[in-house]
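Following: one structure in C-alpha cells, then a few remarks.
The values are calculated or read from the model by the stated rules, or taken from the named source; none is laboratory data. These figures come from a predicted structure and were not determined experimentally. Here the Cβ positions follow ideal geometry from the backbone for every residue, glycine too, while neighbour counts run over all protein chains shown.
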Amino acid sequence: MSTFLDFEKPVAELEGKIKELRHSADGGDVNISDELGKLEAKVDQVLKQIYGKLSPWQKIQVARHPDRPHFSNYIETLFEDFVELCGDRAHGNDTALVGGIARFRGRSVFVIGHEKGSGTDGRVRHNFGMAHPEGYRKTTRLMNLANHYNLPVLTFVDTPGAYPGVEAEERGQSEAIARSIEASLRLEVPFVASIVGEGGSGGAVALATADRVLMLEHAVYSVISPEGCASILWRSAARAQDAADALKLTAEDLLALKVIDQVVDEPLGAAHRHPTTAIRALGDEIERTLLQLISEQSGSRRLRRREKFLAMGRA
Amino acid sequence: MLFHRDLEENQHICPSCDHHLRIGPNQRFAALFDEGRHTRIELPDVLVDPLKFRDQKRYTDRLRDSRAKTGEDEAVVVAHGTVDGQSAVIAVQNFAFMGGSMGLAAGEALIAAARLAVLQEAALIVFAAAGGARMQEGILSLMQMPRTTIAVELVREARLPYIVVLTDPTTGGVTASYAMLGDVSIAEPGALVGFAGPRVIEETIREQLPDGFQRAEFLLAHGMIDMVVHRHELRAKLSQILDLLMNTHRPAVATPRKEPVEDATAS
C-alpha cells in the first residue's frame, strides 16, 4: 500500500485507473498497452507539475513521508560490512541514532544516522528518530574513534528533533548535543553530512557540523518545526504553513544562504517513489565529495571546517 | 512592600524569599568587575533580517521595540576588566532583549568575546540566559550552535578559563552549545535550565512535571553542573575559581611546617 499525500491526489487517481485497467485486462486478450502508455505518461506529467513547484509546507510533508528511505535503507544500499557499534558507555544504547563502521565504495568509514523506523512497531522502537542523550554521546564516541583510526565520517540526518522528555533532560540532552558538535569540530578526518529527510534543529546540527553538507532536493532543515514556530510566534499551530514559508527551510533556500553545500536531485515524484534510485544518486554525490575532501592535503581540516562555519552568515 | 532601591542594593534578590530576579548586563558588570570598572567592546555588525521574516509582527519591528525597551543594540553584551585583580572578559546575555535569543549578533558577540579573551590572556565568563535560538533568523540562528562552540574552542586552546553562569532561564540551542560547555558550570539558585522548555515536554509526555524539574538544584543533583551559587557569593566564587585555575602566585599565608627537613633526618 502506498501512501499518497494530499497534493498527490491526481496521481493517486491516475494510478488507480492504471491498476483497474490492468485488472480488467488480466487474462483477456484486449490490447491495453496504448491506453496504459498514455496514462503512465500522464502520471509523469502530473508528477512533474506537482513536484516542480512544491511549497515549503508540501516539502515538509514529503520529507516526513513514511515511505521515504530511512537510514537502514541507506545502509543496505550504499554500505558493505556494516558493523553496528552500540552504546554510550554510560547509560544505554539509543535506537534513534544508529552508527558503526562500514565499507563505502571500497573505503572504511564511520557512518552514523538518525533512524525513524518503519511501521508502527519500528517507529516506536526507534522513537520516531528522536534521540536521547545517549544517542549523541554514542555519536561523540564514534567520531572520536573515527579520528583515532583516521577514517572519514559520513552522517545521515533525518530527525524531527532531539527527544523532549523528562529522562532526556535528567541525563543532559543539551550537554550531549553540545559535545557532539564539539567532537565534530575537532575531527581531522573528512566529514560529509547528508540531510535526507527532516533536519530538525539541534538534534540535526549535532550530526551536521561537517566539512560538506549535502541535502536531498525535498529534504528540510530548520531551527524549529513550523508547527512549533507557529505556536510561539503566531500563537496558533494552525499557522504552520505561514511559518514554513517564513523559516526558509528548503534545500534551495539553504543553498542560497550558504548553509549547505549542494542540493542532490531526487527522482521524479521524490525519493519515496524510487527509493533505490534516490539512494544511489546520493551515494554518488557523497563519494564525489569525499574524494574531493581526501584530495585536499594541505593544512588542518579542522581549521578549514572552523573557518567555513565562522564565515557563515557574514555579510 | 518591596522598594526598588532595596532590591537594587540586594542585587535584585528578594529580601524575603531569596528569589533571584532576572538582571541585565549593567547590573552584572557593576556587581562583578572591580569597583564596577569595565570597558564594553564594540560588536561586529551583522546582516539585518536576512530572511525578511514576518510573523504577526515584522522582525525588524521586534528588534526596534527591544532596542527601545532595553537601551541595548542586541541580546549579548561584552565587556572586559578585572575581577579581584584578574583579567576577565564577561559576556552577558540579556533575557529582556527578545528573550536573550541567539542569532547572528549573539553568535558574533560570543566569538568576539572569545577572541578578546585570547588576545588579553583573560578568562571568559559567560552569563547565559535565553529561550534559545532566534527563530526569526531561521537556519542562520541554528548555525550559531557550531559557531559559538568554535568560540569556546578558541578559549580552550589558549588554556584560558571558560566559565559559564547559567541564569534564569536558559534553554534550547543555547544550552545545546556554549552554555553547557563550561569548564566550570555554575547556576544561580532556582534558575530554569534545560534543552526543551517545560511546556514542550508537558505537551509531549502529557503529564505534569515534578516540582523543581530543570531547576539549578535539579541539574546539580543530576551531575550536569558543578555548583549552585547565590548571587551574593558569585563574585567571590568566580574570583576563587579563576585564581586556582590560573594558579596565581600569592604570598603564602599558612604557617610554615614546624620541623625543617634536616632535623627530621638527623634524629
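Could you pull out the residue among A:Glu188, A:Glu169 that is crowded, with 24+ Cβ neighbours inside 10 Å, over 28 Å from A:Val62 (Cβ atoms) and of a type in the set (Asp, Glu)? The match here is A:Glu169. Which residues, taken from segment B:48-88, are assigned to a strand (DSSP E or B) and either in contact with an Asp or Glu (Cβ under 6 Å, 6 or more places away or on another chain) or touching a residue at least 24 places away in the same chain (Cβ under 8 Å) (or both)? Once the filter is applied, which keeps residues that are assigned to a strand (DSSP E or B) and either in contact with an Asp or Glu (Cβ under 6 Å, 6 or more places away or on another chain) or touching a residue at least 24 places away in the same chain (Cβ under 8 Å) (or both), segment B:48-88 yields B:Val76, B:Val77, B:Val78, B:Ala79, B:His80, B:Gly81, B:Thr82, B:Val83, B:Gln86, B:Ser87, B:Ala88. Restricting attention to segment B:145-163 and to residues that are within 8 Å of chain A (Cβ to nearest Cβ) and in contact with a Gly (Cβ under 7 Å, 6 or more places away or on another chain), the residue that is farthest from B:His80 (Cα to Cα) turns out to be B:Met145.
Candidates are the residues of segment A:226-261 that are among the basic types (Lys, Arg) and part of a loop (DSSP other than H, G, I, E, B); the one that is modelled with the lowest pLDDT is A:Arg235. When A:Leu214, A:Leu268, A:Leu207 are screened for being closer than 20 Å to A:Ala168 by Cβ, within 20 Å of the chain's Cα centre (by Cα) and not in a helix (DSSP H, G or I), only A:Leu207 passes. Consider segment B:94-103 and keep the residues that are outside any loop (DSSP other than H, G, I, E, B) and within 15 Å of B:Ile23 (Cα to Cα). The one that is nearest to the chain's Cα centre (by Cα) is B:Gly100. Could you say whether any residue in segment B:36-47 is among the β-branched types (Val, Ile, Thr) and not in a loop (DSSP other than H, G, I, E, B)? Taking every residue of segment B:36-47 in turn, at least one turns out to be among the β-branched types (Val, Ile, Thr) and not in a loop (DSSP other than H, G, I, E, B). Counting residues in segment A:182-199 that are more than 22 Å from A:Glu296 (Cα to Cα) and either assigned to a helix (DSSP H, G or I) or at pLDDT below 95 (or both) gives one or more. For A:Leu216, the conditions (1) more than 18 Å from A:Leu310 (Cα to Cα); (2) buried (at least 24 other Cβ atoms within 10 Å of the Cβ); (3) within 9 Å of chain B (Cβ to nearest Cβ) all hold with the exception of (3). Considering B:Ala106, B:Ala129, B:Ala113, B:Ala91, the condition of being in a helix (DSSP H, G or I), away from chain A (no Cβ under 13 Å), under 16 Å from the mean Cα position of the chain (by Cα) and surrounded by 23 or more Cβ atoms within 10 Å (Cβ to Cβ) is satisfied by B:Ala113 alone.
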